[in-house]
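One structure below.
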Amino acid sequence: MVDESNYKVLFKVNSPADIKKLSAADIKLLCTEIRQYMIDVISQIGGHFGGGLGTVELTVALHKVFETPQDLLVWDTGHQAYPHKIITGRRDLLKTIRQFNGISGFLKISESQYDSFGAGHASTSISAALGMAVARDVLKEKRKVVAIIGDGAMTGGMAYEAMNNSGVLKSNLIVVLNDNQMSIAPNVWQISNYFTEMIAHPEYNKFKGAIWDLTGKLDHFGDRIRKVAARVESGIKSIVTPGMLFEALGFRYFGPVNGHNVSQLVKIFEHVKDLPGPILVHVLSEKGKGYKPAEDHVQRLHAATPFDKITGQAIKKSGAPSSYTSIFGKALVEIAKMNEKVVGVTAAMPDGTGLDYLQKEIPQKYFDVGIAEEHAVTFAAGMATQGIIPVVAIYSTFLQRAFDQIIHDVALQKLHVVFVLDRAGLVGADGPTHHGAFDLTYLRLIPGMVVMAPKDEAELRDMLYTAVNYKKGPIALRYPRGSALGVEIKEGFSEIQIGKSEKIESGEDVAILAVGSMVEHAKKAAVILNADGITSEINNMRFIKPLDYECLDSVAHHFDKIVTLEENSIIGGFGSGVVEYFSEKNYKNDLLRIGLPDNFVDHGTQEELHKLIGIDPASIAEKIKTFVKNSAIKKEVLA
């Protein structure tokens, strides 16, 4: 996959200890080669790309200065950490990243001693690092703790909660703000670098400490000198650096620093690593650095499928249907043009959720709140009180973060907010941090919430239209990642009756109640069962809440054997709702629930994972055959 002869330094680095032996010239060459290695490998297999290209020098500098893994590096979200993986013994495994049985695309404690904290969601690093620093102090250990946060994660409120607590506790902790959003001219960089180096230098801090101690012995006159000195230092910092906010939170601020000058980074980290109290080092980097297609389009190459190394263009499969994401995005634009009250809300994922279509065509109806899902939901609730119809498009796994806001700010007040959950079910390569495995469970328990799942793209459009026109409170729809089925899409929209399913196939031996993506699997499983002489009635249930009770009553009266099928945790999801209803009605039918297991599912393709856990059509058919057979045996025994 990669020709090692093209690399002079990289393949000599098998751990951070090897970096410490390199000359300054070789360290610069190592940075160049890490970047080239990422381009060579990720262009062939896909993966998170732009963020890691921007953290190469930062990663090398951190591992050169700090004694990892004794010293702890806590990366935020993890997709910035591909260079970290490369130089911590996983270089040769990079070709397996995000693949079945390969290494994770994020940080994972069980994968490496250098991964001190697992993370797939943003804004967690400072909280985790502060916890580690406090634990170190309780245990009276000697180690440094460094949190690296960036790529938009500072827009999450949790980061500021952690910084506030850090300032109160005054633990020895270093936070590196990897800022790839700001553009500062080179001359300002030079001034900031000079000033930062000055205030970070040990001799400066030793001199400052001596003055502080001396003036402390001079009674009232000394206090006056201290106040003047503090005002002078504060004034200089507020003029030369943008660190006032961080200083107010109790951090000593250093920066901004050029994040692509590895020598400068090494020097700064050497200066600050032994300073007491919480420290913030502000590093300016460029997302996609060193690869022009990524520099020119940071959003598209944030996470990439395999692409042409020269052009950066994705290598697409010919004839593949449109994605569910794009179908939703285009449908929302149509509906927003029809209804002036409809707007779209995203939490820093316009391309990922399909809201980029709305952003381009009707920008005044598009709102990006940053990586702040809790705020997104309450922001939408506020709009809903004024008659606006907000469509909040967030990945299933990320909406979990706003669970309280959905209950308290939306559902309790019966506000009409539309939740659109992309990446529902198993998402594939991004693994357990990104699987949408729990949304049917956590949404179904909320009073007044309507929950839908379309069987195909045509039904997705109609469900979105239905949700926008629903006036009684919150309503949610969820759909899977990837290509849709390719069914014909008619012009316009049709409203679906709330809580009404549809029977799509008839049979005599078993009833299959399926929702969302599993309807198509049920149809394919039925073909296999039919070849073995088992005929199946298939119902596309559409609604997880409210359930179609009329359909359930009919099925309970006509079938001894009933199967529920969902791509959600088996605990508390659609099947659980059916069991609860059957229990209330005292139905005695044999019931089989098929869904995601009660454990976290690793990464791989969706097809691989479906087969692994037994929700692919062949596995479903086999489970139903066993169920039918065991049900017949039980009936004979009871007879």
Of the listed pairs Lys490/Lys585; Lys108/Lys365; Lys8/Lys273; Lys545/Lys588; Lys287/Lys330, those with alpha carbons more than 32 Å apart are Lys490/Lys585; Lys108/Lys365
For region 502-638, the dipole about the Cα centre with charges only on Cβ (Lys and Arg +1, Asp and Glu -1), to the nearest 20 debye, works out at 280
What the Cα atoms of region 502-638 span along the principal axes, largest first and in whole Å, is 41, 34, 29
Gyration tensor on Cα atoms of region 324-478, a ≥ b ≥ c root eigenvalues, a/c under 1.5 rounded, else prolate if a/b beats b/c, else oblate, says rounded
Rounded to the nearest 10, the angle in degrees between the Cα long axis of helix 457-469 and the longest principal axis of the Cα atoms of the chain comes to 80
Checked against a 21 Å limit on the C-alpha separation, the offending pairs among Lys414/Lys455; Lys20/Lys144; Lys341/Lys472 are Lys414/Lys455
For Tyr395, Tyr581, Tyr479, ascending order of other Cβ atoms within 10 Å (fewest first) is Tyr581, Tyr395, Tyr479
Note on the chain: contact order normalised by length, alpha-carbon pairs under 8 Å, 6 or more apart, percent, works out to 11
Taking Cα atoms, the helix 373-385 axis meets the longest principal axis of the chain at an angle in degrees (rounded to 10) of 60
Filtered hits (aspartates and glutamates, Cα-Cα < 12 Å from Lys64, offset >= 8 within chain) -> Asp18, Glu270
The alpha-carbon center of region 524-553 and that of region 413-468 are separated, in whole Å, by 20
Rounded to the nearest 500, the 222 nm mean residue ellipticity computed for the chain from DSSP H runs (n ≥ 4, each -39500 (n - 2.57)) alone is -12500 deg cm²/dmol
Farthest towards the positive end of the dipole of the chain, among His408, Thr96, Gly250 and with Cβ unit charges of +1 on Lys and Arg and -1 on Asp and Glu, lies the Cα of Gly250
Residues whose modelled amide H sits under 5 Å from the amide H of Ala119, counting only those 5 or more places away in sequence or on another chain, are Leu107
So the angle from the long Cα axis of helix 574-585 to the longest Cα principal axis of the chain, reported in degrees to the nearest 10, equals 50
Binned at 10 Å from zero, the C-alpha pair distances of the chain give percents of 3, 15, 23, 22, 17, 11, 6, 2, 1, 0, 0
When Glu270, Glu57 are ranked with the fewest other C-beta atoms within 10 Å first, the list becomes Glu270, Glu57
Whole-Å distance linking the alpha carbon centroid of region 81-155 with that of region 563-615 is 33
Proxy exposure order for Lys140, Lys28 (fewest C-beta within 10 Å first) is Lys140, Lys28
Within region 15-121, DSSP-loop chymotrypsin sites (Phe, Trp or Tyr not before Pro) with at most 16 other C-beta atoms within 10 Å are Phe100
Under the 7 Å Cα-to-Cβ spin-label approximation, Leu412 and Lys611 lie apart by a distance in nanometres of 4.8
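Values quoted throughout were computed directly from the atomic coordinates according to the rules given, and no laboratory measurement underlies them. What you see is a predicted model; the values in this text were computed from it and never measured. Because the Cβ atoms are built from the backbone with ideal geometry, glycine has one as well, and the counts that use them run over all protein chains shown.
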